[in-house]
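Reviewing the structure listed below.
Just so you know, all these numbers are worked out from the coordinates, no wet-lab data involved. Everything numeric here is computed off the predicted structure, so don't read it as measured data. For neighbour counting, all protein chains shown are included, and Cβ atoms are generated from backbone atoms with ideal geometry for every residue, glycine included.
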Amino acid sequence: MAVGTHDGEPVMEAAAGLDDLARVAGAIRRAVESVVEGKASAVRLALTVLLAEGHLLIEDVPGVGKTLLAKALARSVDCSVRRVQFTPDLLPSDITGVSAYDQELREFEFKPGPVFANIVVGDEINRASPKTQSALLECMEERQVTVDGTTYPLEPPFMVVATQNPVEMEGTYPLPEAQRDRFTARISMGYPDPAAELEMLDVHGGRSPLDGLAPVADAADVRRLISVVRGTHVAPSVRQYAIDLVTATRNHPDLRLGASPRATLHLVRAARAYAALDERDYVLPDDLQDLAVPVLAHRLLPTAEARMERRRPEHVVADLVKRLPVPAAGK
C-alpha cells in the first residue's frame, strides 16, 4: 500500500480501507468471541489467517472448543460452509468429489465434494489415512481440484480450518510434512480459565452456543478486506528479517527439518494481515515475532535427541526470536 504521494490520495484511500477492515473484522471477532469465551488471541489468529488467504490448523485435546472455534468463524461470515468429519474409512473422493455416469445423458457428470465451499471445516483431520489427507494438497495450495483430468477452480475466499488431536492419542495418524506445510498457522486452544468456564456453564449450559450466532459479513466483504491486506507495506529490512528467521531454523542443531520457502511467504502474508488488524498499513518486526511460533513451529521436525530431551520446535522458534537481531522499524 502506498505510504504517501504529493496529493495525498493514496494515503486517504489506504486509511479508508483500513477503517473498513477494522469495522468488518471487529464485527467478526466479536461474533466469534461471543461463543468462544476467553480465547481472544486464538480468535485473532484465526481471523489473521483468513485475511492472509491461508489455512488454519487447530490442535489440542478433545473438548476444549477446537471445532466450536472453526464453526463460529464459518458461521460469522455469510458464505458457503461445508464440514467434513475425517474418519479412517474416508476416501479422497469423499472430499474432492467424483465423476458419476448419468444414464439419461449417457455421459459422466462431476459431483462436487465438500471442498467446494468458501470455508471447509475439517474435523479431526488426523483420524483419516495419509492418502485421504493428501486430497487437500492441491486445493489448499492452488485453489483448484483436478478429478479425472479436469481442473475445477475454487471460488475465493477459500479457507480450510482443520482440527486435530495430539498424535499421542489413540486412532490418529500424523499429518504428512507436505500437508502441515500448507497450513499457514497452528494454534492450541488450551483449557479455559475458571471464570470463562463458569460463564460457559451459565450461558451455554442449556443450548448450543452457535444457535444465536448470525452472520456479520459475507464473502464479498472478506474479498474486499483481503485486497486491503495485500497492499500492506513490508519494508526490505522486515522482509530480510523474515528470511533470517526461517533460515535460522534450517541450521539449528535441534532440528532435522527446517522451515520451507513457503513458510517465509506465509509468515509475511500473515504479518500483513496482523498489521492491518492493528489499523497499520505497514508491517513491524514485532508482527513477525508475534507470529513466528504459530506460523513456523508446526513445520519443523526435531532431532531424536531433541525429542528425548523434550526440546520442542516451539521452544526453538521462541529462542531464535530472542537471539536474532531485530531491524530498525521503518516504513
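Some notes on this structure:
- Database remark: amide H of V64 closer than 5 angstrom to no amide H (H placed geometrically; neighbours at sequence offset of 5 or more, or on other chains; Pro and chain starts carry no H).
- Spin-label model distance (nm) - R239 vs A100, 7 Å beyond Cα toward Cβ: 4.9
- When you restrict to C-alpha pairs under 8 Å that are six or more residues apart and normalise by the size of the chain, the relative contact order lands at 22 percent.
- When the inverse distances between all different Cα atoms of the chain are averaged and flipped, the Kirkwood radius reads 21.1 angstrom.
- Cβ-derived FRET efficiency at R0 35 Å, D89 paired with A220, nearest 0.05: 0.40
- Using C-alpha pairs below 8 Å separated by at least 6 residues, the relative contact order for segment 232-323 is 34 percent.
- Computed label-point distance, nm, for sites K111 and L257 using a 7 Å Cα→Cβ extension: 3.5
- Sorting the segments 61-70, 97-106, 265-274 by their mean number of nearby beta carbons within 10 angstrom, highest to lowest, gives 265-274, 61-70, 97-106.
- Each semi-axis of the equivalent ellipsoid for segment 232-323 is √(5λ) with λ an eigenvalue of the Cα gyration tensor; in descending order they amount to 26, 12, 10 Å.
- When all alpha carbon pairs of segment 63-178 are counted in 10 Å bins from zero, the resulting P(r) reads 13, 42, 33, 11, 2, 0 %.
- Secondary-structure-derived ellipticity at 222 nm for the chain, considering helices only, amounts to -13500 deg cm²/dmol, per-run term -39500 (n - 2.57) for DSSP H runs with n ≥ 4.
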